[in-house]
1. Go through region B:22-42 and give me each residue that's more than 14 Å from residue A:52 (Cα to Cα) and touching a strand residue (DSSP E or B) at 6+ places or on another chain (Cβ under 9 Å).
2. In region B:28-61, what residues are under 23 Å from residue A:114 (Cα atoms) and either crowded, with 16+ Cβ neighbours inside 10 Å or within 7 Å of chain A (Cβ to nearest Cβ) (or both)?
3. Out of (1) part of a loop (DSSP other than H, G, I, E, B); (2) within 30 Å of residue B:62 (Cβ to Cβ); (3) more than 10 Å from chain B (Cβ to nearest Cβ), what's the single condition that is false for residue A:24?
4. Could you look through region A:27-38, keep only residues that are more than 7 Å from chain B (Cβ to nearest Cβ) and assigned to a strand (DSSP E or B), and pick out the one that is nearest to residue A:118 (Cα to Cα)?
5. All but one of (1) in a strand (DSSP E or B); (2) more than 13 Å from chain A (Cβ to nearest Cβ); (3) touching a residue at least 12 places away in the same chain (Cβ under 8 Å); (4) surrounded by fewer than 20 Cβ atoms within 10 Å (Cβ to Cβ) hold for residue B:64, so report the exception by its number.
6. Quick check on my filter: what residues within region A:96-125 are more than 23 Å from residue B:22 (Cβ to Cβ) and free of Cβ contacts under 8 Å to residues at least 12 places away in the same chain?
7. Which residues, taken from region A:47-60, are within 14 Å of the chain's Cα centre (by Cα) and at the interface with chain B (Cβ under 7 Å from one of its Cβ atoms)?
8. When region B:76-94 is examined, which residues are found to be at pLDDT 95 or above, part of a strand (DSSP E or B) and either more than 23 Å from residue B:55 (Cα to Cα) or in contact with a helix residue (DSSP H, G or I) (Cβ under 8 Å, 6 or more places away or on another chain) (or both)?
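The values are calculated or read from the model by the stated rules, or taken from the named source; none is laboratory data. Predicted, not measured: the structure shown is a model, and the values here were computed from it. Neighbour counts run over all protein chains shown; Cβ positions are idealised from the backbone, glycine included.
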(Lines give C-alpha, C1' and ligand atoms only; values in the text may rest on other atoms or scores of the structure.)
Protein backbone atom coordinates (compact mmCIF):
# COMPACT_ATOMS: atom_id res chain seq x y z
CA UNK A 1 0.00 0.00 0.00
CA UNK A 2 1.15 3.52 -0.81
CA UNK A 3 0.07 5.94 1.92
CA UNK A 4 -0.26 9.66 1.17
CA UNK A 5 -1.78 12.62 3.01
CA UNK A 6 -3.63 15.80 2.06
CA UNK A 7 -4.23 18.58 4.58
CA UNK A 8 -7.58 20.37 4.23
CA UNK A 9 -10.75 21.45 6.04
CA UNK A 10 -13.06 18.89 7.60
CA UNK A 11 -16.00 19.61 5.28
CA UNK A 12 -13.93 19.16 2.13
CA UNK A 13 -12.13 16.12 3.54
CA UNK A 14 -15.46 14.46 4.35
CA UNK A 15 -16.74 15.10 0.83
CA UNK A 16 -13.54 13.76 -0.70
CA UNK A 17 -13.70 10.70 1.52
CA UNK A 18 -17.14 9.67 0.24
CA UNK A 19 -18.12 7.07 -0.70
CA UNK A 20 -18.03 7.66 -3.52
CA UNK A 21 -14.77 9.58 -3.31
CA UNK A 22 -15.06 13.10 -4.68
CA UNK A 23 -11.47 14.13 -5.23
CA UNK A 24 -11.39 16.41 -8.26
CA UNK A 25 -8.04 16.90 -10.01
CA UNK A 26 -9.41 19.81 -12.05
CA UNK A 27 -9.90 21.98 -8.96
CA UNK A 28 -6.90 23.50 -7.31
CA UNK A 29 -3.35 24.17 -8.34
CA UNK A 30 0.14 24.37 -6.99
CA UNK A 31 3.80 24.47 -7.80
CA UNK A 32 3.46 21.89 -10.59
CA UNK A 33 0.20 23.22 -11.98
CA UNK A 34 -3.41 22.11 -11.76
CA UNK A 35 -4.11 18.96 -9.81
CA UNK A 36 -4.66 17.29 -6.46
CA UNK A 37 -1.63 17.47 -4.15
CA UNK A 38 -0.46 15.02 -1.48
CA UNK A 39 2.66 14.35 0.55
CA UNK A 40 4.18 11.43 2.45
CA UNK A 41 4.12 12.96 5.94
CA UNK A 42 0.87 13.13 7.90
CA UNK A 43 2.54 15.41 10.44
CA UNK A 44 3.61 17.93 7.82
CA UNK A 45 0.22 17.81 6.08
CA UNK A 46 -1.44 18.62 9.41
CA UNK A 47 1.05 21.40 10.22
CA UNK A 48 0.23 23.03 6.90
CA UNK A 49 -3.53 22.69 7.38
CA UNK A 50 -3.27 24.16 10.89
CA UNK A 51 -1.65 27.29 9.53
CA UNK A 52 -4.34 27.65 6.86
CA UNK A 53 -7.28 27.19 9.20
CA UNK A 54 -8.81 30.57 8.37
CA UNK A 55 -8.96 29.67 4.67
CA UNK A 56 -10.34 26.12 5.00
CA UNK A 57 -13.89 24.81 4.96
CA UNK A 58 -14.06 23.55 8.52
CA UNK A 59 -11.40 22.77 11.10
CA UNK A 60 -8.04 21.49 9.84
CA UNK A 61 -7.82 17.75 9.32
CA UNK A 62 -5.88 15.32 7.17
CA UNK A 63 -7.24 13.05 4.45
CA UNK A 64 -5.29 9.79 4.46
CA UNK A 65 -5.10 7.83 1.22
CA UNK A 66 -4.05 4.18 1.28
CA UNK A 67 -3.62 3.25 -2.38
CA UNK A 68 -3.20 -0.26 -3.72
CA UNK A 69 0.45 -0.74 -4.55
CA UNK A 70 -0.03 -2.31 -7.97
CA UNK A 71 -2.65 0.22 -9.01
CA UNK A 72 -0.42 3.12 -8.00
CA UNK A 73 2.52 1.51 -9.75
CA UNK A 74 0.48 1.25 -12.94
CA UNK A 75 0.12 5.03 -13.09
CA UNK A 76 2.51 6.95 -15.30
CA UNK A 77 4.58 8.94 -12.79
CA UNK A 78 6.95 11.72 -13.82
CA UNK A 79 9.71 12.54 -11.34
CA UNK A 80 11.19 16.03 -10.92
CA UNK A 81 14.41 16.76 -9.06
CA UNK A 82 14.78 19.92 -6.96
CA UNK A 83 16.08 22.08 -9.80
CA UNK A 84 13.61 20.90 -12.41
CA UNK A 85 10.80 21.37 -9.92
CA UNK A 86 11.83 24.96 -9.32
CA UNK A 87 12.20 25.52 -13.06
CA UNK A 88 8.67 24.30 -13.71
CA UNK A 89 7.32 26.54 -10.94
CA UNK A 90 9.13 29.56 -12.39
CA UNK A 91 7.65 28.94 -15.82
CA UNK A 92 4.15 28.51 -14.40
CA UNK A 93 4.58 31.68 -12.32
CA UNK A 94 5.66 33.59 -15.44
CA UNK A 95 2.61 32.43 -17.41
CA UNK A 96 0.24 32.63 -14.41
CA UNK A 97 -0.61 29.02 -15.19
CA UNK A 98 -0.47 27.26 -11.85
CA UNK A 99 -4.21 26.66 -11.81
CA UNK A 100 -4.50 25.48 -15.42
CA UNK A 101 -1.30 23.69 -16.45
CA UNK A 102 -1.24 19.92 -16.87
CA UNK A 103 1.50 17.98 -18.60
CA UNK A 104 -0.87 15.73 -20.50
CA UNK A 105 1.94 13.20 -20.52
CA UNK A 106 1.44 11.43 -17.21
CA UNK A 107 -0.89 10.72 -14.35
CA UNK A 108 1.21 11.99 -11.45
CA UNK A 109 4.11 14.40 -11.06
CA UNK A 110 6.28 13.76 -8.03
CA UNK A 111 8.84 16.31 -6.88
CA UNK A 112 10.06 18.52 -4.05
CA UNK A 113 8.00 21.08 -2.16
CA UNK A 114 9.52 24.53 -2.78
CA UNK A 115 12.72 22.98 -4.13
CA UNK A 116 13.34 21.07 -0.93
CA UNK A 117 14.44 17.57 -1.89
CA UNK A 118 13.67 16.29 1.62
CA UNK A 119 9.98 17.14 1.28
CA UNK A 120 8.33 15.35 -1.61
CA UNK A 121 4.85 16.03 -2.97
CA UNK A 122 2.69 14.29 -5.55
CA UNK A 123 0.40 16.06 -8.00
CA UNK A 124 -2.37 13.83 -9.39
CA UNK A 125 -3.53 15.32 -12.69
CA UNK A 126 -5.18 12.78 -15.01
CA UNK A 127 -8.63 11.21 -15.13
CA UNK A 128 -7.04 7.80 -14.51
CA UNK A 129 -5.33 9.16 -11.38
CA UNK A 130 -8.60 10.72 -10.19
CA UNK A 131 -10.47 7.45 -10.79
CA UNK A 132 -7.89 5.57 -8.72
CA UNK A 133 -8.10 8.04 -5.83
CA UNK A 134 -11.90 7.90 -5.79
CA UNK A 135 -12.32 4.18 -6.45
CA UNK A 136 -12.28 1.08 -4.32
CA UNK A 137 -8.54 0.55 -4.67
CA UNK A 138 -7.98 3.54 -2.42
CA UNK A 139 -9.06 3.69 1.22
CA UNK A 140 -9.82 7.31 2.12
CA UNK A 141 -9.87 8.22 5.80
CA UNK A 142 -10.40 11.58 7.46
CA UNK A 143 -8.12 11.92 10.46
CA UNK B 1 8.61 40.69 24.19
CA UNK B 2 10.04 37.26 23.54
CA UNK B 3 10.82 36.31 19.96
CA UNK B 4 8.69 33.57 18.45
CA UNK B 5 9.06 30.54 16.21
CA UNK B 6 7.01 30.96 13.02
CA UNK B 7 5.75 28.57 10.34
CA UNK B 8 6.32 30.21 6.95
CA UNK B 9 6.66 29.31 3.29
CA UNK B 10 9.50 30.33 1.00
CA UNK B 11 7.99 32.06 -2.03
CA UNK B 12 8.69 34.67 -4.67
CA UNK B 13 6.21 37.55 -4.48
CA UNK B 14 6.55 40.46 -6.91
CA UNK B 15 10.08 39.28 -7.75
CA UNK B 16 11.08 39.25 -4.06
CA UNK B 17 12.14 35.86 -2.68
CA UNK B 18 11.40 35.48 0.98
CA UNK B 19 9.07 34.15 3.64
CA UNK B 20 5.29 34.52 3.75
CA UNK B 21 2.56 32.96 5.87
CA UNK B 22 0.65 30.11 4.17
CA UNK B 23 -2.65 31.73 5.14
CA UNK B 24 -1.95 34.83 3.02
CA UNK B 25 -0.88 32.97 -0.13
CA UNK B 26 -2.98 32.09 -3.18
CA UNK B 27 -4.27 28.51 -3.33
CA UNK B 28 -1.64 27.61 -5.94
CA UNK B 29 1.39 28.36 -3.77
CA UNK B 30 3.58 25.62 -2.18
CA UNK B 31 1.59 23.33 0.07
CA UNK B 32 4.14 23.23 2.82
CA UNK B 33 6.04 25.42 5.21
CA UNK B 34 8.96 25.27 7.61
CA UNK B 35 9.84 26.56 11.06
CA UNK B 36 11.78 29.82 11.05
CA UNK B 37 13.08 32.15 13.76
CA UNK B 38 14.10 35.81 13.66
CA UNK B 39 17.83 36.36 14.00
CA UNK B 40 20.22 39.30 14.36
CA UNK B 41 21.51 41.11 11.30
CA UNK B 42 24.61 38.91 11.68
CA UNK B 43 22.26 35.91 11.41
CA UNK B 44 22.88 34.87 15.03
CA UNK B 45 20.16 33.34 17.18
CA UNK B 46 18.59 35.36 19.98
CA UNK B 47 18.73 33.92 23.52
CA UNK B 48 15.13 32.68 23.71
CA UNK B 49 12.15 31.91 21.54
CA UNK B 50 8.59 30.93 22.32
CA UNK B 51 7.60 27.68 20.56
CA UNK B 52 3.91 26.84 20.14
CA UNK B 53 2.57 23.37 19.54
CA UNK B 54 -0.82 21.69 19.63
CA UNK B 55 -2.20 18.33 20.63
CA UNK B 56 -4.61 16.82 18.14
CA UNK B 57 -7.71 15.45 19.91
CA UNK B 58 -9.46 14.10 16.80
CA UNK B 59 -12.43 15.40 14.80
CA UNK B 60 -10.64 18.66 14.02
CA UNK B 61 -10.12 19.59 17.71
CA UNK B 62 -6.76 20.81 19.03
CA UNK B 63 -5.41 21.91 22.40
CA UNK B 64 -2.68 24.56 22.29
CA UNK B 65 0.47 24.57 24.37
CA UNK B 66 3.87 26.22 24.25
CA UNK B 67 7.39 26.21 25.68
CA UNK B 68 10.55 28.28 25.64
CA UNK B 69 13.52 27.51 23.43
CA UNK B 70 16.84 28.36 25.02
CA UNK B 71 20.05 29.03 23.14
CA UNK B 72 22.77 26.68 24.38
CA UNK B 73 26.46 27.55 24.51
CA UNK B 74 27.10 25.06 21.68
CA UNK B 75 24.78 27.00 19.37
CA UNK B 76 21.74 24.67 19.46
CA UNK B 77 18.28 25.78 20.52
CA UNK B 78 16.79 23.42 23.10
CA UNK B 79 13.15 23.11 24.12
CA UNK B 80 11.03 20.66 26.09
CA UNK B 81 7.94 19.56 24.16
CA UNK B 82 5.62 17.73 26.52
CA UNK B 83 8.67 16.65 28.53
CA UNK B 84 10.66 15.54 25.47
CA UNK B 85 13.90 17.43 24.81
CA UNK B 86 14.24 18.60 21.22
CA UNK B 87 17.21 20.49 19.80
CA UNK B 88 17.00 22.73 16.76
CA UNK B 89 19.67 24.32 14.60
CA UNK B 90 19.81 26.36 11.42
CA UNK B 91 19.08 24.30 8.35
CA UNK B 92 22.03 24.40 5.98
CA UNK B 93 21.92 23.79 2.25
CA UNK B 94 25.35 23.71 0.58
CA UNK B 95 26.67 24.95 3.94
CA UNK B 96 24.50 28.07 3.76
CA UNK B 97 21.64 28.86 6.15
CA UNK B 98 18.26 29.53 4.56
CA UNK B 99 17.74 33.12 5.78
CA UNK B 100 15.44 35.59 4.07
CA UNK B 101 13.30 38.60 4.86
CA UNK B 102 9.54 38.38 5.27
CA UNK B 103 7.91 39.46 1.98
CA UNK B 104 4.20 39.10 2.83
CA UNK B 105 1.68 41.70 3.91
CA UNK B 106 0.93 40.67 7.52
CA UNK B 107 2.64 42.25 10.52
CA UNK B 108 4.57 40.93 13.51
CA UNK B 109 7.47 42.50 15.38
CA UNK B 110 9.72 39.56 14.39
CA UNK B 111 9.23 40.35 10.70
CA UNK B 112 11.62 43.31 10.99
CA UNK B 113 14.49 40.84 11.41
CA UNK B 114 15.96 38.32 8.99
CA UNK B 115 14.33 34.94 9.47
CA UNK B 116 16.27 31.67 9.27
CA UNK B 117 14.86 28.18 8.76
CA UNK B 118 15.51 25.80 11.64
CA UNK B 119 15.27 22.04 11.77
CA UNK B 120 15.30 19.48 14.53
CA UNK B 121 18.61 17.75 15.15
CA UNK B 122 16.61 14.51 14.94
CA UNK B 123 13.37 14.78 12.93
CA UNK B 124 12.31 11.34 14.14
CA UNK B 125 11.67 12.85 17.59
CA UNK B 126 9.01 15.13 16.08
CA UNK B 127 7.55 12.19 14.14
CA UNK B 128 7.45 10.18 17.36
CA UNK B 129 5.74 12.99 19.28
CA UNK B 130 3.11 13.15 16.55
CA UNK B 131 2.62 9.41 16.23
CA UNK B 132 2.39 8.72 19.98
CA UNK B 133 0.74 11.89 21.30
CA UNK B 134 -0.68 13.77 18.33
CA UNK B 135 1.65 16.72 18.98
CA UNK B 136 2.11 19.12 16.08
CA UNK B 137 5.02 21.54 16.53
CA UNK B 138 3.72 24.44 14.52
CA UNK B 139 4.98 27.87 15.51
CA UNK B 140 2.78 30.80 16.44
CA UNK B 141 -0.88 31.18 15.54
CA UNK B 142 -1.44 33.69 12.72
CA UNK B 143 -5.03 34.34 13.82
CA UNK B 144 -3.98 35.69 17.21
CA UNK B 145 -0.42 36.88 16.56
CA UNK B 146 -0.30 38.47 13.08
CA UNK B 147 -1.61 41.94 12.35
CA UNK B 148 -3.62 42.56 9.20
CA UNK B 149 -5.03 39.07 8.91
CA UNK B 150 -8.66 40.09 9.33
CA UNK B 151 -8.34 42.72 6.60
CA UNK B 152 -6.71 40.16 4.31
CA UNK B 153 -9.42 37.59 5.00
CA UNK B 154 -12.06 40.20 4.13
CA UNK B 155 -10.43 40.88 0.75
CA UNK B 156 -11.29 38.92 -2.43
CA UNK B 157 -7.91 37.13 -2.25
CA UNK B 158 -8.49 36.18 1.37
CA UNK B 159 -11.94 34.82 0.69
CA UNK B 160 -10.65 32.21 -1.74
CA UNK B 161 -11.01 28.95 0.12
CA UNK B 162 -8.31 26.30 -0.07
CA UNK B 163 -9.30 22.67 -0.53
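1. Step one: of region B:22-42, the residues more than 14 Å from residue A:52 (Cα to Cα) are B:35-42.
The answer is B:35, B:36, B:37, B:38, B:39.
2. So in region B:28-61, the residues under 23 Å from residue A:114 (Cα atoms) come out as B:28-39, B:43.
Those that are under 23 Å from residue A:114 (Cα atoms) and either crowded, with 16+ Cβ neighbours inside 10 Å or within 7 Å of chain A (Cβ to nearest Cβ) (or both): B:28, B:29, B:30, B:31, B:32, B:33, B:34, B:35, B:36, B:37, B:38, B:39.
3. Just one mismatch for residue A:24, condition (3).
4. A:38
5. Of everything listed in (1) in a strand (DSSP E or B); (2) more than 13 Å from chain A (Cβ to nearest Cβ); (3) touching a residue at least 12 places away in the same chain (Cβ under 8 Å); (4) surrounded by fewer than 20 Cβ atoms within 10 Å (Cβ to Cβ), residue B:64 misses just condition (2).
6. A:104
7. Residue satisfying the conditions is A:48 alone.
8. Of everything in region B:76-94, those that are at pLDDT 95 or above, part of a strand (DSSP E or B) and either more than 23 Å from residue B:55 (Cα to Cα) or in contact with a helix residue (DSSP H, G or I) (Cβ under 8 Å, 6 or more places away or on another chain) (or both) turn out to be B:81, B:84, B:86, B:89, B:90.
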